Amino acid sequence: MNVRPAPRISIIGAGPGGLTCARILQKHGIAVTVYDRDRDARTRDQGGSLDLHTEDGQLALREAGLIERFRELARPEGQRMRRLDAAGRVLMDRMPDEGDPSEPEIDRGQLRDLLLGSLAPGTARWGRALASVDGPAEGPRTLRFTDGTSVETDLVIGADGAFSRVRAAVSAAVPYHSGITFTEAWFDDVENRHPALSELVGDGSAAAADGERALFAQRNSGGHIRVYIIRRAPADWITAAGLTAGDTTGIRAHLLDEFAGWASGMRYMISANDGPYADRPLFVLPAPHTWDHVPTVTLLGDAAHLMPPLGVGVNLAMLDAHDLALALATHSTVGEAVRAYEKTMLPRSTDLAEALVGGAAFLLEADEEPDGRDEARALQRSLDERRAAAGA
């Protein structure tokens, strides 16, 4: 009797989506390798805090067998949200319900460490920047890396983010700048060094906007706060202003000038950061973003549906990972599994992406609502409920 060999599965990208997919596959006895361009797991800062929802991010962690460890790390109090005005007055202070576990915060770095630590040794291969995916659509495919090495595989899962190199194997779509730019600032040991900011932000996050610009401050674990300075600005605004990325003094003066009408206590989020700024232009994919089925390549997370950061991105990536891994565990061929996964994922992400076209502008709205994230989450929950009712 001929025994079909186990498929060779390769995930490109060691972010939350790729690592969640790998963990669930391994939990079901399916071998997988994750390739990432970073030199090692500590090469890059993983970003701020995020909230994982019961119906997607936590659902994936439950399937991965990691939900209890997640709860030990998560911060339910981080769900607290304050809305301020440019003068620093509190317009809204929304407290989480006592014992509410629905959307607790966790640092991105902690989540990544949790997922990485759950994988079999050697699963993640570092320093492997993908150059291209070659080979026939029916497979096998060849992964070519920038270091000159190559690997043959039966399924390529693109979990490599906004500027995915895998995406080109199924789609000609490329991200475009949304017109909104984030500039990130860090504050360390805030209880001692920045007590006024610590008091202003509270246990969770605080946001203020005036229609053209906004500040979003977010408490992280370990006494850290991240501030996102959000404005309508071109992706190359630093160069256009005659500055360089390393010119902290020049960037600070430019930003303070743009926020000249704001109260000094609010401008402190721009003027007193510890270390340099990080420039993060906000890119999105055209909506809808779909592609014709290819049995040997698929996408998840931002590689598949890059949307404004309104509280759904990582959750959606982890839900994608959950659905794809279970499809691979329950279908007889890789091609059938990919088709089943995309039959669920593409309509879901299309509905959400189309609803959020231009959604980055939510972040700048000067009203008493949190920022548009509630609308995004409500739509995602509606889609998840429809999916569950259909037995997907």
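Here are the numbers:
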quantity: Subset of the range 150-159 [within 11 Å of Leu130 (Cβ to Cβ) and in contact with a Lys or Arg (Cβ under 8 Å, 6 or more places away or on another chain)]; calculated: Ser150, Val156, Gly158
quantity: Scope the range 93-130; condition among the aliphatic types (A, V, I, L, M) and at pLDDT 90 or above; matching residues; calculated: Leu111, Leu114, Leu115, Leu116, Leu119, Ala120, Ala124, Ala129, Leu130
quantity: Enumeration of residues in the range 300-320 that are assigned to a loop (DSSP other than H, G, I, E, B) and at pLDDT 90 or above; calculated: Leu300, Ala304, His305
quantity: Residue within the range 278-300 that is surrounded by 21 or more Cβ atoms within 10 Å (Cβ to Cβ) and aromatic (Phe, Trp, Tyr) present; calculated: no
quantity: Filter result for the condition that a residue is under 26 Å from Leu306 (Cβ atoms), of a type in the set (Asp, Glu), surrounded by fewer than 21 Cβ atoms within 10 Å (Cβ to Cβ) and not assigned by TED's automatic domain parsing to the domain that holds Gly78, over Glu184, Glu191, Glu199; calculated: Glu184
quantity: In the range 1-56, residue nearest to Arg348 (Cα to Cα) [restricted to those that are of a type in the set (Gly, Ala, Ser) and more than 19 Å from the chain's Cα centre (by Cα)]; calculated: Ser10
quantity: Residue within the range 218-233 that is assigned by TED's automatic domain parsing to the domain that holds Leu256, polar (S, T, N, Q), surrounded by fewer than 18 Cβ atoms within 10 Å (Cβ to Cβ) and at pLDDT below 95 present; calculated: yes
quantity: Evaluation of Leu73 against (1) in contact (Cβ under 8 Å) with a residue 24 or more places away in the chain; (2) under 21 Å from Ala303 (Cα atoms) (one fails), failing number; calculated: (2)
quantity: Sole residue being in contact (Cβ under 8 Å) with a residue 40 or more places away in the chain, under 30 Å from Ala355 (Cα atoms), touching an Asp or Glu at 6+ places or on another chain (Cβ under 8 Å) and not in a strand (DSSP E or B), chosen from Pro286, Pro295; calculated: Pro295
quantity: Test: residue in the range 335-354 that is free of Cβ contacts under 8 Å to residues at least 24 places away in the same chain and either in a loop (DSSP other than H, G, I, E, B) or among the β-branched types (Val, Ile, Thr) (or both); calculated: no
quantity: Residue check, Asp93 surrounded by fewer than 21 Cβ atoms within 10 Å (Cβ to Cβ) and in a strand (DSSP E or B); calculated: yes
quantity: Matching residues, the range 164-179, being surrounded by fewer than 24 Cβ atoms within 10 Å (Cβ to Cβ) and under 18 Å from the mean Cα position of the chain (by Cα); calculated: Arg165, Val174, Pro175, Tyr176, His177, Ser178
quantity: Among (1) assigned by TED's automatic domain parsing to the domain that holds Ala14; (2) surrounded by fewer than 17 Cβ atoms within 10 Å (Cβ to Cβ) - the single one Met307 does not satisfy; calculated: (2)
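Here's the yes/no breakdown for (1) under 30 Å from Ala87 (Cβ atoms); (2) modelled with pLDDT of 85 or more:
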{"site": "Leu346", "(1), (2)": "no, yes"}
{"site": "Glu368", "(1), (2)": "yes, no"}
{"site": "Arg373", "(1), (2)": "yes, no"}
{"site": "Arg377", "(1), (2)": "yes, no"}
{"site": "Gly391", "(1), (2)": "no, no"}
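The values are calculated or read from the model by the stated rules, or taken from the named source; none is laboratory data. The structure displayed is predicted, hence computed values, not measured ones. Positions of Cβ are backbone-derived with ideal geometry, glycine not excepted, and every protein chain shown enters the neighbour counts.
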